[in-house]
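Structure, as structure tokens:
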Number of protein chains: 2
Amino acid sequence: MSNVHEQAEVLENALRESDEFKALKISFELVMNDAESKELFEQFRSTQMNLQQKQMQGEELSEEDVEQAREVVEKVQAHEDISKLMESEQRVSTLINEISEVFTRPIEQLYQTEEE
Amino acid sequence: MSNVHEQAEVLENALRESDEFKALKISFELVMNDAESKELFEQFRSTQMNLQQKQMQGEELSEEDVEQAREVVEKVQAHEDISKLMESEQRVSTLINEISEVFTRPIEQLYQTEEE
């Protein structure tokens, strides 16, 4: 295995041991272990995916789509465990963006030299 | 600095020392140090960005756009140093995708448990 791939695995373990990922795991399991929370969270995700798909295909959203999405978002925001899960997801997503910015700096820097 | 951020920097250095990145650097500098190659490469990149922007904004491409893009691509493909640079870019891009897949596995695995 190349050094890059080895270091990617070391980073994988660091991510797995990070506070952000551990918090996500706890929040996720809390939601998944409760049938009602799980159903609402899955409903929220499928509603979101449905909207995204329609937007990507350039389809117009119907009033029903928008109303349904609004309702699910309201329920999810009022649900303590799911709100926490979404905050945890946001924090892990920020961390991943930070990691990606750091390890791709060599490329960023190479392409910048040309513009100076 | 958190362990994750530290490991991201270690990975950054591994990427900088990788064969893929070193080859990209050489190809890039070869193109940039020749005025004619540099101009053609920049023309190619601005043509691509222009097309992407139009597509993202849902604008239709004119016959002129398509013809211009076709011409630049042809010139670039016939240009040895630029072709090599594009191959090097492709290899680094593949490596970055591999790295991203590896270090985000904890999240992938967490969300999979639910579907099993």
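Laboratory data are not the source of any read-out in this text; all were calculated from the coordinates shown. In this text the structure is predicted, and so the values were computed from the model without any measurement. Note that we place each Cβ from the backbone using ideal geometry, even for glycine, and neighbour counts take in every protein chain shown.
Scanning the stretch A:89-107 for residues that are more than 8 Å from chain B (Cβ to nearest Cβ) and either farther than 18 Å from B:PHE103 by Cβ or among the basic types (Lys, Arg) (or both) yields A:GLN90, A:ARG91.
Do we have B:LEU110 as within 14 Å of chain A (Cβ to nearest Cβ) and touching a residue at least 40 places away in the same chain (Cβ under 8 Å) here?
Criteria not met by B:LEU110.
Scanning the stretch A:1-24 for residues that are under 17 Å from the mean Cα position of the chain (by Cα) and either within 7 Å of chain B (Cβ to nearest Cβ) or touching a residue at least 40 places away in the same chain (Cβ under 8 Å) (or both) yields a count of 8. When A:VAL92 is tested against (1) more than 30 Å from B:VAL10 (Cα to Cα); (2) part of a helix (DSSP H, G or I); (3) among the hydrophobic types (A, V, I, L, M, F, W, C), only condition (1) is not met. Condition check: in contact with an Asp or Glu (Cβ under 7 Å, 6 or more places away or on another chain), over 30 Å from B:GLY58 (Cβ atoms) and surrounded by 14 or more Cβ atoms within 10 Å (Cβ to Cβ). Does A:LEU24 satisfy that? In short, yes. Figure legend. Inter-residue proximity from the stretch B:25-52: first residues away from every other protein chain (no Cβ under 13 Å), second residues assigned to a helix (DSSP H, G or I) and polar (S, T, N, Q), beta-carbon distance below 7 Å, spacing 6+ or different chains. Indicated pairs: B:THR47/B:GLN68.
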